1. Look through the stretch D:64-74, keep the residues that are hydrophobic (A, V, I, L, M, F, W, C), over 12 Å from the mean Cα position of the chain (by Cα) and under 13 Å from A:GLU60 (Cβ atoms), and return whichever of them is farthest from the other protein chains (Cβ to nearest Cβ).
2. Look through C:GLY21, C:GLY33 and report the one residue that is part of a loop (DSSP other than H, G, I, E, B) and closer than 25 Å to E:ASP84 by Cβ.
3. Of all the residues that make up the stretch E:36-50, how many are of a type in the set (A, V, I, L, M) and part of a loop (DSSP other than H, G, I, E, B)?
4. Scan the stretch B:29-56 for residues that are small (Gly, Ala, Ser) and at positive phi and jot them down.
5. Return the residues of the stretch A:13-42 that are among the hydrophobic types (A, V, I, L, M, F, W, C) and more than 7 Å from chain B (Cβ to nearest Cβ); say none if nothing qualifies.
6. Restricting to the stretch D:1-18, count the residues that are assigned to a loop (DSSP other than H, G, I, E, B) and free of Cβ contacts under 8 Å to residues at least 40 places away in the same chain.
7. Could you tell me whether A:ASP76 is acidic (Asp, Glu) and closer than 13 Å to A:ARG5 by Cα?
8. For E:LEU42, state whether it is in contact with a Pro (Cβ under 7 Å, 6 or more places away or on another chain) and under 29 Å from C:PRO36 (Cβ atoms).
Amino acid sequence: MRLGRVVGTVVATRKSARLDGAKLLLVEAMTAGGVPSGPVTLAVDAAQAGVGDTVLLLLEGRAAGAALGRRAAPVDAAVVGIVDAIETGS
Amino acid sequence: MRLGRVVGTVVATRKSARLDGAKLLLVEAMTAGGVPSGPVTLAVDAAQAGVGDTVLLLLEGRAAGAALGRRAAPVDAAVVGIVDAIETGS
Amino acid sequence: MRLGRVVGTVVATRKSARLDGAKLLLVEAMTAGGVPSGPVTLAVDAAQAGVGDTVLLLLEGRAAGAALGRRAAPVDAAVVGIVDAIETGS
Amino acid sequence: MRLGRVVGTVVATRKSARLDGAKLLLVEAMTAGGVPSGPVTLAVDAAQAGVGDTVLLLLEGRAAGAALGRRAAPVDAAVVGIVDAIETGS
Amino acid sequence: MRLGRVVGTVVATRKSARLDGAKLLLVEAMTAGGVPSGPVTLAVDAAQAGVGDTVLLLLEGRAAGAALGRRAAPVDAAVVGIVDAIETGS
């Protein structure tokens, strides 16, 4: 997984029927220190996350489908948790 | 998924028989603000998309096969939706 | 998939028995305009392609195995088509 | 796999039920010489690793699920071993 | 697959039981011309390769498991062949 921050949502009415009902979040990858890093990903929400939340971003379809409880879902990324705290250092 | 824009199509008459009938779209990844980012991907169309559309670009074979309703299709990317609106900020 | 150009071949007599008979092509990723981009990939040929051809490069093992008609093949990339034409713009 | 160093942990109480009990490690990829390289990954611990350990970082969901002995786990990375020694050169 | 060169080995006595007996090679990706490119990967040896060999580096877990003949192995990369010759140009 990657650390990410939810920065927006996307509306798409014309989409694969297998995506019906899915909430699509725009998630920006970030470093442990909170600095944006890498591209913006469109992830299906599996954690009731909202804009501004720091989240666990899962970047693989099989795993994302597992998070959603659907084996054959056409997804390749999912938000699977909301981060409470990041602890770094020894 | 990534946000993308359809920038062209590709014709390939000599190809895997399992790709017969598939429409191949050239899709450029873009940021939430609409700026091109990253490489151009060749994706199978699963959303009746056309050149100029802003789309949901799925980047995984298993998931792309699921979008097409074919488990064993030789695909690694699919366009699975057309974006109506992008909402960013808190 | 990515657009690519076949730039060479590789000979490897000591290899996994499950790769016996596979033709290994060196493929350079390219942009829609034909400019080389990204690394050189070693792909199994599933399209009777040769050096100099512009090809459809599939970059995923499950999908590449599907292209070859072998589910458990130890492959992560395959050439699945030869490009006749690229059409860009609206 | 990649070589990595554990640099922290993450607490997330609101997460996919399928992640319950999983210990989430922040792992920084590193070169054979110990220099940090690449982004920080959030990996599930499958090796009793702790902060400061040099580890084997597995970067694929199916494989990470296998390491945890769970086929359908929503994970895309796992720490599967602790490195004792790196031997380079001929 | 990628072209790579074996540059070292890694010893890890505390690791996933499913990796017992696996030989872990440090492999540096390289261009067709032999120039190092990209990060160092830790790959399971499925070709009796040694330090200094130019090899076929498979970068996907499902495929790497297939190379090892184990479906559920916690691996994401394998060395599946030793390169005898690289032929480039038309």
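1. Ranking the candidates gives D:ALA73 first.
2. On the way: C:GLY33 fails: closer than 25 Å to E:ASP84 by Cβ.
From the options C:GLY21, C:GLY33, the qualifying one is C:GLY21.
3. Initially, the stretch E:36-50 is screened for residues of a type in the set (A, V, I, L, M), giving E:40, E:42-44, E:46-47, E:49.
Next cut, part of a loop (DSSP other than H, G, I, E, B) only: E:46-47, E:49.
Count: 3.
4. The first filter runs over the stretch B:29-56 and keeps only residues small (Gly, Ala, Ser), leaving B:29, B:32-34, B:37-38, B:43, B:46-47, B:49-50, B:52.
B:GLY34, B:GLY38, B:GLY52 - these are the residues of the stretch B:29-56 that are small (Gly, Ala, Ser) and at positive phi.
5. Initially, the stretch A:13-42 is screened for residues among the hydrophobic types (A, V, I, L, M, F, W, C), giving A:17, A:19, A:22, A:24-27, A:29-30, A:32, A:35, A:40, A:42.
Across the stretch A:13-42, the qualifying residues are A:ALA17, A:ALA22, A:LEU24, A:LEU25, A:VAL27, A:ALA29, A:MET30, A:ALA32, A:VAL35.
6. If we filter the stretch D:1-18 for residues that are assigned to a loop (DSSP other than H, G, I, E, B), which is where we start, we get D:1, D:12-13, D:16.
The next check asks that each one be free of Cβ contacts under 8 Å to residues at least 40 places away in the same chain; those that pass are D:12-13.
So the count comes out to 2.
7. Working: acidic (Asp, Glu): yes; closer than 13 Å to A:ARG5 by Cα: no.
In short, no.
8. Numbers: in contact with a Pro (Cβ under 7 Å, 6 or more places away or on another chain): no; under 29 Å from C:PRO36 (Cβ atoms): yes.
So E:LEU42 fails the test.
The values are calculated or read from the model by the stated rules, or taken from the named source; none is laboratory data. The structure presented is a predicted model; accordingly, all values stated were derived computationally and were not measured. Because the Cβ atoms are built from the backbone with ideal geometry, glycine has one as well, and the counts that use them run over all protein chains shown.
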